[in-house]
Amino acid sequence: MNRNIVKFPNPVLKKKAKAVKKVTPKIIKLIDDMVETMHAAPGIGLAAPQVGVSLRVIVADIGAGEIAIVNPKIVKKSGKQTFTEGCLSLPGIEAPIERAEKVAVKGLDRDGKNVCIEAEGLLATVLQHEIDHLDGYVFVDRVSDPSLIKHVVFEKEKKEELI
Ligand code: NI
């Protein structure tokens, strides 16, 4: 089921999301809905607060398959990289954001099993962007210089980069 995407400055986006105690059928449904909503947008990542649910769940798909992580935690990071980011909750703006180049993220998968995902490049940026959403941060909170925030009119192909 496609869900509505919450837009900034909805307060749910500034809240610290709660940990999921158990991966129940309700959480699995949330994951499936988030994946559907992300693909429909279209986007390459989505965090539960973006569909109005203040729980620690993220999904991503940069074209190499869907990833869902419950209670994601960055356990390792290294390097630096900058991507121009956008966000489905902040339509019409983008900015270059510096983040770690490589991350290892631990959490639970859709089946409630422990996973550790090692990511680099775009996927590493997407995971950090989505985990930020769980802590109440949006990408513009990470911009080094506010003058770098650009107002853009999204074209179809640009939308593919929205996370
Ligand atoms: Ni976002």
Problem - Residue check for residue 122: more than 14 Å from residue 47 (Cβ to Cβ) and part of a helix (DSSP H, G or I) - result: yes
Practice task
Return a yes/no flag: does the range 31-54 have any residue that is outside any helix (DSSP H, G or I), open to solvent by 10 Å² or more (accessible area, probe 1.4 Å) and more than 16 Å from the ligand (Cβ to nearest atom).
Solution key: no
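Conditions tested, residue by residue: (1) basic (Lys, Arg); (2) at negative phi; (3) touching a Phe, Trp or Tyr at 6+ places or on another chain (Cβ under 8 Å); (4) modelled with pLDDT of 95 or more.
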position	(1), (2), (3), (4)
39	no, yes, no, yes
58	no, yes, no, yes
63	no, no, no, yes
78	no, yes, no, yes
87	no, yes, yes, yes
101	no, yes, no, yes
114	no, yes, no, yes
123	no, yes, no, yes
Practice task
Could you look through the range 84-94, keep only residues that are crowded, with 21+ Cβ neighbours inside 10 Å and among the small types (Gly, Ala, Ser), and pick out the one that is farthest from residue 13 (Cα to Cα)?
Solution key: 86
Exercise for the section: Could you please let me know if residue 64 is of a type in the set (A, V, I, L, M, F, W, C) and open to solvent by less than 10 Å² (accessible area, probe 1.4 Å)? Expected result: no
Fill in the blank from the handout: Within the range 130-146, residues more than 10 Å from the ligand (Cβ to nearest atom) and of a type in the set (Ser, Thr, Tyr) come out as 144
Practice task
Filter the range 78-128 for residues that are of a type in the set (Gly, Ala, Ser), within 13 Å of the ligand (Cβ to nearest atom) and in contact with a Lys or Arg (Cβ under 7 Å, 6 or more places away or on another chain) and give the result.
Solution key: 89, 95
Completion exercise
Only one of (1) open to solvent by less than 10 Å² (accessible area, probe 1.4 Å); (2) within 16 Å of the ligand (Cβ to nearest atom) does not apply to residue 70, and that is (2)
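The values are calculated or read from the model by the stated rules, or taken from the named source; none is laboratory data. Since we're looking at a predicted model, the values are computed, not measured. Backbone-built Cβ (ideal geometry, glycine too); neighbour counts: all protein chains shown. Keep in mind that these areas ignore ligands, DNA and RNA; they rest on the heavy atoms of the full protein, side chains included. Shrake-Rupley method; radii C 1.70, N 1.55, O 1.52, S 1.80 Å.
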